[in-house]
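Written out below as structure tokens is the structure these notes cover.
Here, each number is a calculation from the coordinates, and none is a lab measurement. Predicted, not measured: the structure shown is a model, and the values here were computed from it. Using ideal geometry, Cβ is built from the backbone for each residue, glycine included, and neighbour counts are taken over all protein chains shown.
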Amino acid sequence: MEIGVDSFASAMYGSNALTPVDAMEQLLDRITLADEVGLDVFGIGEHHRKEFLDSATAVILAAAAARTKRIRLSSAVTVLSAADPVRVFQSFATLDLISKGRAEMVVGRGSSVEAYPLFGFDLDDYDALFSEKLDLLLQIRDNEFVNWNGKFRAPIPNLPVYPRPLQQKLPVWLGVGGTPA
């Protein structure tokens, strides 16, 4: 069994707003403490709203990697439908190198939809975007050279994707919520 914590990197403490610098410092302190007390994993969500500071999850986790020794560092979730799977993989492979093999990611559609219009995606493509992008992400994870074609992204004609992570197979989990349907 593994025990962990996740955070949305809130810029609030109770009903009081923190400065973004103070909120980020407190988040990094919590991740450091989680490592020190022996928790197994710390995950950071992804939002694109004023009250959260977690729009660049891999950056936060890389800062945490420099301050921790053993805790696994994960997204919780990466909104894959609104992201480029190549860049997501590259960011988490880089995190894996910085953390010496402690990176993993949880990918999903996201329970909040603000990322879709922000990055130019149509909510009518909600399911198709996720399916296609998950397929590409897993191909990138499993193959150094990728030959891929889809509807929502330019083709990749047998090109390599670097960097490669330290872990042989970067862990990718599916994050879901809501009704079974």
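Report, in deg cm²/dmol and to the nearest 500, the calculated mean residue ellipticity at 222 nm for the chain, where each DSSP H run with n ≥ 4 adds -39500 (n - 2.57) and the sum is divided by the residue count.
Values: 5 runs with 63 residues, N = 181.
-11000 deg cm²/dmol, from helical runs alone.
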Seminar exercise, completed: In nm, the gap between the two label points placed 7 Å beyond Cα toward Cβ at Gln26 and Tyr162 is 4.2
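Stretched out fully, how many nm does the piece from Arg70 to Asn147 gain, at 0.36 nm a residue minus the Cα gap? Please list the in-between numbers first.
Values: separation 77, 0.36 × 77 = 27.72 nm, distance 3.52 nm.
Here the segment from Arg70 to Asn147 would lengthen by 24.2 nm.
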For this session: Please give every one of the lysines within straight-line cross-link reach of Lys169, meaning a C-alpha to C-alpha distance under 16 Å, and leave out same-chain neighbours fewer than 8 residues apart.
Result: Lys100
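If packing is taken as the mean number of other Cβ atoms within 10 Å per residue, what is the order of 76-89, 56-69, highest first?
Per-residue mean Cβ counts within 10 Å order the peptides as 76-89, 56-69.
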Exercise. If we count other beta carbons within 10 Å of each Cβ, what is the order of Met105, Met12, Met1, Met24, fewest first?
Worked result: Met1, Met12, Met24, Met105
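Magnitude of the Cβ-charge dipole of the chain, K/R +1 and D/E -1, about the Cα centre, nearest 20 debye? It would help to have the intermediate numbers written out before the result.
Numbers: 17 positive and 23 negative charges, 99 e Å.
Computed charge dipole of the chain: roughly 480 debye.
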Exercise. Just how far, in whole angstrom, is the range 112-160 from the range 15-73 if you go by their alpha carbon centroids?
Worked result: 27
Problem set entry | the range 70-81 - phi-based ³J(HN,Hα) in whole Hz, Karplus 6.51/-1.76/1.60, Gly and Pro as x | 10, 5, 6, 10, 9, 7, 7, 10, 7, 7, 5, 4
Seminar exercise, completed: Computed over the Cα atoms of the range 4-174, the Rg and Dmax in Å are 16.3, 52
